[in-house]
1. Distance in nm between label sites at residue B:177 and residue B:117, each 7 Å beyond Cα in the beta-carbon direction?
2. Any aspartates and glutamates with Cα under 13 Å of the residue B:302 Cα? List them, leaving off those in the same chain fewer than 8 positions away.
3. Provide the gained length on full extension for the span residue B:264 to residue B:27, in nm with one decimal, where the gain is 0.36 nm per separating residue minus the Cα-Cα distance.
4. Evaluate 2.2 N^0.38 Å with N set to the residue count of the protein assembly as shown, then give the Cα radius of gyration divided by it.
5. Between beta-carbons, use under 12 Å as the cut-off and find the net charge around residue A:12, counting Lys and Arg +1, Asp and Glu -1.
6. Once you've got the GNM for chain B with C-alpha springs shorter than 10 Å, pick whichever of B:159, B:189, B:277 has the biggest mean-square fluctuation.
7. Short version: ³J(HN,Hα) in whole Hz for each residue of the stretch B:289-298, in order, from phi by Karplus 6.51 cos²θ - 1.76 cosθ + 1.60 (θ = phi - 60°), x for Gly and Pro, what are they?
8. Using amide H atoms built in the peptide plane, which far-off residues or other-chain residues are under 5 Å from residue B:102 H to H?
Amino acid sequence: MVFQMDELDETQLKNHVDSLKQQLQFNREKTSVAIPELAKWIEEKMNEDPFLNPDVLKDNPWVESSKCVII
Amino acid sequence: MGEMEQMKKEAEALKTQIEAARKAAHDTDMASAASGVAPAPRVQLKTRRTLKGHLAKIYAMHWCTDNRLMVSASQDGKLLIWDSHTGNKVNAVPLKSSWVMTCAYAPSGNLVASGGLDNMCTVYNLKTPVIKTVKELDAHTGYLSCARFLSDTEILTSSGDTTCALWDLETGKQKTVFLNHVGDCMCLSLSPDMNSFVSGACDSLAKLWDIRDGQCKQTFQGHTSDINAISFYPSANAIITGSDDCTCKMYDIRADQEVICYQDAALNSGVTSLDLSASGRLIFAGYDDFNCNIWDSLKGEKVGELKEKKKSLSWREC
């Protein structure tokens, strides 16, 4: 279901208009700034990501550390 | 012209202005910006544990902040707390209503919550000698689709009554009600700094809210059907959504728009759940066809999958 304005009553419609006025004011950053910064953040964090850095996965708590125990 | 007609015209004009503002900010796309990035390697998943114990469909699960304990909710009428390292069940919480749709673990590890078709969010204390119900949060007029603790004293909920709410756990009352969606709210995700959250709803919109002033700050459109799953990026500058329209989308919060869509012509099942790897480079999305696809978030390509044999995946968490 995609949003339909016809289903709103008068109060809801007024609130909808007021909210849109507020949302219009948002100071939008250019994608040429926002996207590269996002990509850079991700790339820097990839070193700590167990799925992408096998060295981090060495510390995997779900792998059995050893099958046999010497008693 | 009637007042309603005038307001509708005003709303349309404002939407057009918002779209124009977004276009003006759109001076590059993800494909160009990420063109220099090496593709992510193919991901092979290995099953490490199979947690058996529930007797009916599992609707939700949530990790504790220790990354070891987790809670799961099933329509067999129980919450189970698991130690994922040993695979053992630590606790079982019987539910008054078995029609559970969501569960949550408090950051402290002291409390868990559940809710569903009973329209309530019930909070339990795990640390008392016998597990006790500490509060029944009763004010929503629709089903409880999601709940997330901010602390041991505050919890956020989303509901089929189209609202989200912030509750005070000491009084059991709603502190703030978030009104703006016109369809059932299906999911929510807290920002890392806990000052805002995003919600996804059946009106195919995702909304960003300020927790303290209760206002909807931004609306993200683009999906053509219910948004079932949503997640904040760990960097807090983007969100990922998953929808019944069979796609996932990334929205950049600062640019206030969709920047990439994760889709494939061969995929014709809705997305039911999703989560991100620690860096956010990988998106794990569960679909109605019982599969989980792994997407490279920067390149928009599938880099792996997990084929489950039986049931539709209701939740995946990394």
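1. 2.5
2. B:264
3. Here the segment from residue B:264 to residue B:27 would lengthen by 82.8 nm.
4. Relative to the 2.2 N^0.38 Å estimate, the protein assembly as shown comes out at 1.01.
5. -3
6. Highest fluctuation among the options: B:277.
7. These are the phi-based 3J(HN,Hα) values: 8, 6, 10, 10, 9, 10, 10, 7, 5, 8 Hz.
8. Sorted by chain and number, the residues that satisfy this are B:115.
Values quoted throughout were computed directly from the atomic coordinates according to the rules given, and no laboratory measurement underlies them. From a predicted model like this one, the values you see are computed outputs, not experimental measurements. Reconstructed Cβ throughout: ideal geometry from the backbone, glycine too, with neighbour counts over all protein chains shown.
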